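Engineer: One structure coming up, written as structure tokens, with questions to follow.
The values are calculated or read from the model by the stated rules, or taken from the named source; none is laboratory data. Values in this document were obtained by computation on a predicted structure and should not be read as measured data. Cβ placement follows ideal geometry from the backbone for every residue including glycine, while neighbour counts extend to all protein chains displayed.
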Amino acid sequence: MIAAARHFHATFLSGWWRWPREHFRVLVGRDSARMHPLRAPFGSYYADPFPWVHGGKTWLFLEEFRYSENRGRLVALPLDDHLQPAGPVLPLNLPPGSHRSYPLIFPVADELLLLPETGAQGTVDLYTCERFPDRWSHRCRLLSGLDAADPTPLHHAGRWWLFVAERARPTDGGHRSLAIYSAAELFQSRWEPHPVNARRLYAGSAFSFGRPAGPFVPSPAGGWLRPMQSSRRYYGESAQWMEIAALTRTDFREQPFTGTHPLVELAGSLSPHHLSTAGGIVACDVRDRYRIEVAAPRAAGAAE
């Protein structure tokens with residue numbers, strides 16, 4: 001009885017407690033100037049959108065967070081030529097487990113791969129597509145024994161790099177630091193931690209400032225741009241673009257991107273939590289519900 005009551009509190013009650021305080025809205029378009037929202041079913045919200053075009057048809061891979069379960073699941077939503085829903089969402093057939101989000105998909109050779117966030121179970125697992133879009137099988141485990149959010153791969157200078165937002169202890173809450181791992185081959189379980197991990201970049205933020213906010217994109221100068229969460233007052237507040245200045249096995253440096261790029265303009269106009277693009281489709285999400293003390297500054301703060 002006690003165990004059942006605790007489970008009910010941790011899922012149904014705690015989940016619905018988040019309803020007036022936490023909600024994200026997904027927007028999608030063919031360019032950053034014309035974005036329109038996609039409505040999630042009642043009692044849930046969509047987040048972390050990743051578009052993909054397969055066989056001439058557009059799909060949007062999403063986290064669907066259900067308040068009654070207090071966790072997210074991964075789904076694929078078909079879109080028509082006007083980027084409107086063309087059918088119901090299809091849940092991805094991943095093994096049962098805890099909260100999942102960030103359904104990043106990418107091709108390698110003749111394989112289509114899925115690299116979701118499963119930090120709550122302490123692993124980073126890679127899946128390969130058996131039947132698009134919903135059937136995936138476990139390919140290999142990249143990392144284990146760590147709480148790693150938003151795993152984002154990059155193939156650079158003949159080596160694979162994996163960027164994550166790492167939490168050292170459960171009691172750290174939103175205090176995550178940027179961590180980087182690398183390997184000569186993607187499909188292996190021995191990934192080398194980067195020396196920069198010891199510096200715990202961005203760990204001073206209580207709202208996960210600095211964590212990945214979507215896939216890398218090429219920069220106009222020929223390098224890489226990294227979308228990064230820029231949350232100073234609350235989680236999911238906005239994103240900004242960082243330009244990778246150096247990335248080797250011993251050195252990592254990044255700096256704010258000051259050039260022009262359509263996705264940079266999108267981040268400035270919509271303040272997204274996450275953004276990605278594929279096949280000429282742009283998708284992002286925006287947090288539109290948060291604690292009242294964030295929306296309305298406290299009297300003490302307003303008087304200063």
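Engineer: Working only within segment 195-242, note down all residues that are among the aromatic types (Phe, Trp, Tyr), in contact with a helix residue (DSSP H, G or I) (Cβ under 9 Å, 6 or more places away or on another chain) and free of Cβ contacts under 8 Å to residues at least 24 places away in the same chain.
Structural biologist: Listed by number, the list is empty, since nothing qualifies.
Engineer: Search segment 114-128 for residues being surrounded by fewer than 19 Cβ atoms within 10 Å (Cβ to Cβ) and touching a strand residue (DSSP E or B) at 6+ places or on another chain (Cβ under 7 Å), and hand back the single one that is nearest to residue 89 (Cα to Cα).
Structural biologist: It comes out as 128.
Engineer: In segment 27-43, which residues are surrounded by 18 or more Cβ atoms within 10 Å (Cβ to Cβ), small (Gly, Ala, Ser) and over 13 Å from residue 280 (Cα atoms)?
Structural biologist: Within segment 27-43, 40 is the sole residue that qualifies.
Engineer: Assess whether residue 230 counts as being at pLDDT 95 or above and touching a His at 6+ places or on another chain (Cβ under 8 Å).
Structural biologist: So residue 230 does not fit the description; no.
Engineer: Oh, and also: Testing residue 36 on (1) more than 23 Å from residue 10 (Cβ to Cβ); (2) within 17 Å of the chain's Cα centre (by Cα), one condition comes back false. Which one is that?
Structural biologist: (2)
Engineer: Additional query: Does residue 47 count as loosely packed, with under 14 Cβ neighbours inside 10 Å and under 21 Å from residue 235 (Cβ atoms)?
Structural biologist: When the stated conditions are applied, residue 47 does not pass them.
Engineer: Right, something else. Between 78, 49, 88, which is under 25 Å from residue 131 (Cβ atoms), without any contact (Cβ under 8 Å) to a residue 12 or more places away in the chain and of a type outside the set (A, V, I, L, M, F, W, C)?
Structural biologist: Checking each option against the conditions leaves just 88.
Engineer: For segment 104-138, which positions are modelled with pLDDT of 95 or more, farther than 26 Å from residue 167 by Cα and not aliphatic (A, V, I, L, M)?
Structural biologist: Answer for segment 104-138, where residues must be modelled with pLDDT of 95 or more, farther than 26 Å from residue 167 by Cα and not aliphatic (A, V, I, L, M): 107, 111, 128, 129, 130, 131, 132, 133, 134, 135, 136, 137.
Engineer: Output the residue which, of all residues in segment 267-304 that are among the hydroxyl-bearing types (Ser, Thr, Tyr) and not in a loop (DSSP other than H, G, I, E, B), is modelled with the lowest pLDDT.
Structural biologist: 269
Okay, residues lined up against (1) at pLDDT below 95; (2) farther than 24 Å from residue 119 by Cα; (3) among the polar types (S, T, N, Q):
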position: 13; (1), (2), (3): yes, no, no
position: 32; (1), (2), (3): yes, yes, yes
position: 44; (1), (2), (3): no, no, yes
position: 64; (1), (2), (3): no, no, no
position: 74; (1), (2), (3): no, no, no
position: 85; (1), (2), (3): no, yes, no
position: 95; (1), (2), (3): yes, no, no
position: 102; (1), (2), (3): no, no, no
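Engineer: Please go through segment 167-181 and pick out each residue that is outside any helix (DSSP H, G or I) and over 17 Å from residue 150 (Cβ atoms).
Structural biologist: Across segment 167-181, the qualifying residue is only 169.
Engineer: A further question on this structure: Starting from residues that are among the aromatic types (Phe, Trp, Tyr) and without any contact (Cβ under 8 Å) to a residue 40 or more places away in the chain, keep the ones in segment 142-191 and report whichever is surrounded by the fewest Cβ atoms within 10 Å (Cβ to Cβ).
Structural biologist: Applying the filter and picking the extreme gives 160.
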